[in-house]
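To start, the structure under review is shown below, and the notes come after it.
The values are calculated or read from the model by the stated rules, or taken from the named source; none is laboratory data. Quick caveat: nothing in here was measured; it's all calculated off a predicted structure. Every residue, glycine among them, receives a Cβ derived from its backbone with ideal geometry; neighbour counts consider all protein chains shown. Calculation scope for accessible area: heavy atoms of the full protein, side chains included, ligands and nucleic acids excluded. Shrake-Rupley method; radii C 1.70, N 1.55, O 1.52, S 1.80 Å.
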Amino acid sequence: MKGMVFCLLNEMVEEKFGIEAWDTLLDATGFDGIYVATETYDDAELMSLVSAASEATGIQPEELVKQFGEYMIPSFLVSYPMFFQGHANLKSFLLTVDQVIHVEVRKLYPEAGLPEFKYTDKNDSELTMHYSSPRKLCALAEGLISGSAKHFKQEYNLLHEVCMHDGDDHCELQIKML
């Protein structure tokens, strides 16, 4: 996983829980906490930090990962505004994640282990995102959708009945725009 993710996690933990909380997570996991945005780190390190954060806060790991996904969007808006520009709504933006945003990310970071998205575009107000990744970070995808919805001022409902955590080979994030 790219160091940028770890840097953003550090920021979120310090912002939401205080600088001492980040130090507590590092002590609990034995990591030094020095991350370079462009470097690649072991996925297990992120999951260890999430697990330690869950134990420290009492918030379930899945919920923490979802909150983290939502937290990431404002930083992405600053660092990568071009990905958000030209979209009138959430659905328009989400349809570009795999074929535009991830293509550009792979140009910069060929080793990035990005998830794959396929889409079922039902009508103007419904979209199903089919998520596949060995990381099984579908909660992060849910959070990224939530953060994007806030940016586009779009209310929505999300159903996640097909999930890799339940033994399925992919997740289906069914989004209905309200």
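Scanning region 136-151 for residues that are charged (D, E, K, R), part of a helix (DSSP H, G or I) and touching a strand residue (DSSP E or B) at 6+ places or on another chain (Cβ under 9 Å) turns up just one, Glu142.
In region 114-130, the condition of being part of a helix (DSSP H, G or I) and either hydroxyl-bearing (Ser, Thr, Tyr) or within 29 Å of Asp42 (Cα to Cα) (or both) is met by no residue. Across region 98-111, which residue is nearest to Glu155 (Cα to Cα) among those that are touching a strand residue (DSSP E or B) at 6+ places or on another chain (Cβ under 7 Å) and open to solvent by 20 Å² or more (accessible area, probe 1.4 Å)? Filtering region 98-111 for residues that are touching a strand residue (DSSP E or B) at 6+ places or on another chain (Cβ under 7 Å) and open to solvent by 20 Å² or more (accessible area, probe 1.4 Å), the one nearest to Glu155 (Cα to Cα) comes out as Tyr109. Would a scan of region 79-95 turn up a residue that is under 14 Å from the mean Cα position of the chain (by Cα), surrounded by 16 or more Cβ atoms within 10 Å (Cβ to Cβ) and farther than 15 Å from Cys7 by Cβ? Yes, because at least one residue in region 79-95 is under 14 Å from the mean Cα position of the chain (by Cα), surrounded by 16 or more Cβ atoms within 10 Å (Cβ to Cβ) and farther than 15 Å from Cys7 by Cβ. A search for C-beta distances below 8 Å between a residue of region 1-20 that is closer than 15 Å to Asp32 by Cα and at pLDDT below 95 and any residue that is open to solvent by 20 Å² or more (accessible area, probe 1.4 Å) and polar (S, T, N, Q), counting only pairs 6+ apart in sequence or on different chains, returns Gly3/Thr38; Gly3/Thr40.
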